[in-house]
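Novice: Mind having a look at this structure? Questions to follow.
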Amino acid sequence: MFYTVAGAINTAFILLSLVGVWAQLRKVWQRRASATAGAIATDILSLNQFTVSFLAYLSFFVYGYSIQPFNHFIVWPRLLASVLVLLILREIWTDRRSRAATASLVVACVALLCALLGLVWGQRHVDEGRVLASAMIVAVTALLAQGYAHQILLIWRSGRTGAVSLRMSQLILLMDISTIVFAFAMGLRLGWPLLLLAVVSGSTKLMILWLFRRERRSAGAETAERRDERGGVAINEM
């Protein structure tokens, strides 16, 4: 009973996180539509971080169909998330056309195709698939940590969040919290990969949310300072 309730709640939060990923993609499209000359629609977005996010979603997609019983709570939301992040990678490639962006997009497309083939033909190798998917999740967790660290560093150095979506970070944090609960409901024997990645992802999202708050405080302080300066000028003129 607890497993079903936790799984349903986790699925609901995953779907909310997909709203966040969609908000990120839509923000890029909006910036591209209204961009002035020289503006970059994917400004500040880390290719590193979104590539690793794609691999994280995809590895859980593979893990969900590699365990017994087949875990619908894990599989289908992660497949949709993988597709949305793939579209973001395409937008980054459209702006940059670098070797790294091209390689990330090609690897993501090939990986998604292989994962879908595994869903169709991989049911006879469930145990091997689970071990492989678990190893993928451990590797992706390490990559996710450095990928988000790269995104955090970009924001920290520039002092601005650019095209990074606040809503996406908030909703993915909620998904991570619900995933931690669901991992315990599954039992640590099967749920430890979810627990590992959710803890790492949630920690980095908390840091990004703090950077958004820092940016707003800094912008507010600058506005107040300019207001004080204008007030001082007006007094001097009198």
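The values are calculated or read from the model by the stated rules, or taken from the named source; none is laboratory data. Fair warning: this is a prediction, and the values are worked out from it, not measured in the lab. Ideal geometry is used to build each Cβ from the backbone, glycine not excepted, and the neighbour counts take in all protein chains shown. Side chains are part of the model used for accessible areas, which takes the heavy atoms of the whole protein and leaves out ligands, DNA and RNA. Shrake-Rupley method; radii C 1.70, N 1.55, O 1.52, S 1.80 Å.
Novice: When the residues of segment 29-76 are filtered to those that are farther than 19 Å from residue 205 by Cβ and among the β-branched types (Val, Ile, Thr), which remaining residue is surrounded by the fewest Cβ atoms within 10 Å (Cβ to Cβ)?
Specialist: Step by step, filter segment 29-76, then rank; the result is 36.
Novice: Suppose we keep only residues that are more than 25 Å from residue 187 (Cα to Cα) and β-branched (Val, Ile, Thr) within segment 41-76. Which one would you say is modelled with the highest pLDDT?
Specialist: Looking at the filtered set, the residue picked out is 51.
Novice: Being surrounded by fewer than 23 Cβ atoms within 10 Å (Cβ to Cβ) and of a type in the set (Val, Ile, Thr): is that true of residue 5 here?
Specialist: For residue 5, the condition - surrounded by fewer than 23 Cβ atoms within 10 Å (Cβ to Cβ) and of a type in the set (Val, Ile, Thr) - is met.
Novice: Within segment 82-113, restricting attention to residues that are free of Cβ contacts under 8 Å to residues at least 12 places away in the same chain and of a type in the set (D, E, K, R), which residue is nearest to residue 21 (Cα to Cα)?
Specialist: 97
Novice: For segment 27-70, give me each residue that is closer than 21 Å to residue 13 by Cβ, in contact (Cβ under 8 Å) with a residue 12 or more places away in the chain and not in a helix (DSSP H, G or I).
Specialist: Answer for segment 27-70, where residues must be closer than 21 Å to residue 13 by Cβ, in contact (Cβ under 8 Å) with a residue 12 or more places away in the chain and not in a helix (DSSP H, G or I): just 67.
Novice: Which of the numbered conditions does residue 149 fail, given that it passes all the others? Conditions: (1) under 13 Å from the mean Cα position of the chain (by Cα); (2) open to solvent by 60 Å² or more (accessible area, probe 1.4 Å).
Specialist: In the conditions (1) under 13 Å from the mean Cα position of the chain (by Cα); (2) open to solvent by 60 Å² or more (accessible area, probe 1.4 Å), residue 149 misses (2) alone.
Novice: Return the total of residues in segment 37-74 being of a type in the set (Gly, Ala, Ser) and within 19 Å of residue 158 (Cα to Cα).
Specialist: Residues flagged as of a type in the set (Gly, Ala, Ser) and within 19 Å of residue 158 (Cα to Cα) within segment 37-74 amount to 4.
Novice: Now a separate question. Would you be able to tell me the number of residues in segment 143-182 that are within 13 Å of residue 6 (Cα to Cα), at pLDDT below 90 and of a type in the set (A, V, I, L, M)?
Specialist: 1
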